[in-house]
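Worksheet: the structure to be examined is printed underneath.
The values are calculated or read from the model by the stated rules, or taken from the named source; none is laboratory data. All of these numbers come straight from a predicted model, not from anything done at the bench. Positions of Cβ are generated from backbone atoms using ideal geometry, with glycine treated the same way; all protein chains shown enter the neighbour counts.
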């Protein structure tokens with residue numbers, strides 16, 4: 001049986017009836033067009049990432065300042081390390097006595113003088129490492145009292161704490177910091 | 001039947017075929033971006049969260065530049081934040097005392113308990129009192145030691161030692177026994 005062919009009018013009618021129905025404005029609102037919003041979010045994200053300079057912080061734990069009391073330290077052999085920051089360098093006191101310049105023996109003067117324009121932090125680290133190693137009794141001692149002249153900036157105090165915290169091999173020296181008040 | 005015109009049965013069959021074809025075509029006429037949107041939202045939330053817990057939220061300006069340290073440990077956020085900038089002392093977002101231009105002798109004497117030589121800053125202690133009381137209640141409720149509180153010190157790198165000690169001394173007198181000195185990590189310093 002020969003299949004009958006569609007006439008032009010019938011093909012037209014089929015095309016017209018099968019064409020997708022135009023949605024009315026009410027029906028079109030069924031899905032929100034979020035593409036522009038997505039563009040904005042992407043741009044904002046890129047801008048934020050490009051402009052924010054990420055910095056990382058840390059905190060150094062310390063304890064309240066102690067005013068000098070004049071009471072002598074305990075009789076047990078302790079180092080009782082004190083670092084005094086003055087404009088000319090570091091004065092280091094251990095076992096109640098002032099460490100002499102060059103960090104050798106007991107005597108008056110600046111234990112670790114300034115080097116050029118700045119403080120000599122490597123020499124201070126070397127000095128406290130040497131003091132800690134001077135007796136096995138001091139090996140477990142981790143406390144240091146840091147004091148400074150009134151005008152010494154906070155950055156110098158922080159750098160001093162860094163210098164006495166660990167030895168060059170990364171082993172702890174004096175990580176427990178207390179602040180002293182000059183009389 | 002007119003010449004060249006198909007039967008009604010054939011006409012309906014052709015119409016159904018066309019309708020099926022058009023309905024099938026409509027399924028792929030848009031991109032489904034919901035999954036991508038979910039992913040971007042998660043990334044955005046993650047970035048905002050991680051940035052809020054870093055020092056990016058700290059006010060770094062000419063008035064307050066934190067000192068640098070070789071320390072690389074995690075920053076502790078526990079305690080009342082005390083800011084010492086070049087111009088003010090701020091506790092918990094409230095300005096409590098001005099910092100004089102030359103702060104090498106600390107805060108002005110009129111703000112201290114007994115004159116310029118004293119270390120106790122009265123407005124600072126008053127501001128800390130309320131925070132300490134609230135923290136004591138929280139510590140009691142959470143089973144921590146209620147006798148002392150902690151403070152996070154965010155100070156400018158040029159703060160003179162005298163001013164720093166006055167703030168720390170006042171904190172100590174206000175039953176704050178542990179301080180977290182906030183610094184910027186700078187391993188290559």
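Answer with yes or no whether residue A:176 is under 26 Å from residue B:159 (Cα atoms), surrounded by fewer than 16 Cβ atoms within 10 Å (Cβ to Cβ) and within 14 Å of another protein chain (Cβ to nearest Cβ). So residue A:176 fits the description; yes. Within segment B:113-129, the set of residues being at pLDDT 90 or above and farther than 14 Å from residue B:164 by Cβ comprises B:120, B:122, B:123, B:125, B:126, B:127, B:128, B:129. Do we find a residue being within 9 Å of chain A (Cβ to nearest Cβ), part of a helix (DSSP H, G or I) and modelled with pLDDT under 75 anywhere in segment B:24-41? Yes, that holds for at least one residue.
Answer yes if at least one residue in segment B:133-150 is farther than 21 Å from residue A:154 by Cβ and in contact (Cβ under 8 Å) with a residue 40 or more places away in the chain, and no otherwise.
Our first condition is that a residue be farther than 21 Å from residue A:154 by Cβ; within segment B:133-150, this holds for B:133-149.
Filter again for in contact (Cβ under 8 Å) with a residue 40 or more places away in the chain, leaving B:135, B:149.
Yes, there is a match, as at least one residue in segment B:133-150 is farther than 21 Å from residue A:154 by Cβ and in contact (Cβ under 8 Å) with a residue 40 or more places away in the chain.
In summary, residue A:43 fulfils each of the numbered conditions (1) within 56 Å of the chain's Cα centre (by Cα); (2) surrounded by fewer than 11 Cβ atoms within 10 Å (Cβ to Cβ); (3) modelled with pLDDT under 85; (4) more than 30 Å from residue B:76 (Cβ to Cβ) with the single exception of condition (3).
Would you mind stating whether residue B:90 is surrounded by 17 or more Cβ atoms within 10 Å (Cβ to Cβ), in contact (Cβ under 8 Å) with a residue 60 or more places away in the chain and either outside any strand (DSSP E or B) or within 21 Å of the chain's Cα centre (by Cα) (or both)? For residue B:90, the condition - surrounded by 17 or more Cβ atoms within 10 Å (Cβ to Cβ), in contact (Cβ under 8 Å) with a residue 60 or more places away in the chain and either outside any strand (DSSP E or B) or within 21 Å of the chain's Cα centre (by Cα) (or both) - is not met. Only a single criterion out of (1) within 13 Å of another protein chain (Cβ to nearest Cβ); (2) modelled with pLDDT of 75 or more; (3) within 30 Å of residue B:81 (Cα to Cα) is not satisfied by residue A:66, namely (2). Among the residues making up segment B:43-74, a single one is modelled with pLDDT under 80 and buried (at least 19 other Cβ atoms within 10 Å of the Cβ): B:55. Being in contact with a helix residue (DSSP H, G or I) (Cβ under 7 Å, 6 or more places away or on another chain), within 18 Å of residue B:97 (Cα to Cα) and outside any strand (DSSP E or B): is that true of residue B:168 here? Here the answer is no, as residue B:168 does not meet what is asked. Counting residues in segment B:148-162 that are farther than 25 Å from residue A:148 by Cα, more than 26 Å from the chain's Cα centre (by Cα) and at pLDDT below 90 gives zero. When residue B:123 is tested against (1) in a helix (DSSP H, G or I); (2) under 26 Å from residue B:185 (Cβ atoms), exactly one condition is not met: (2).
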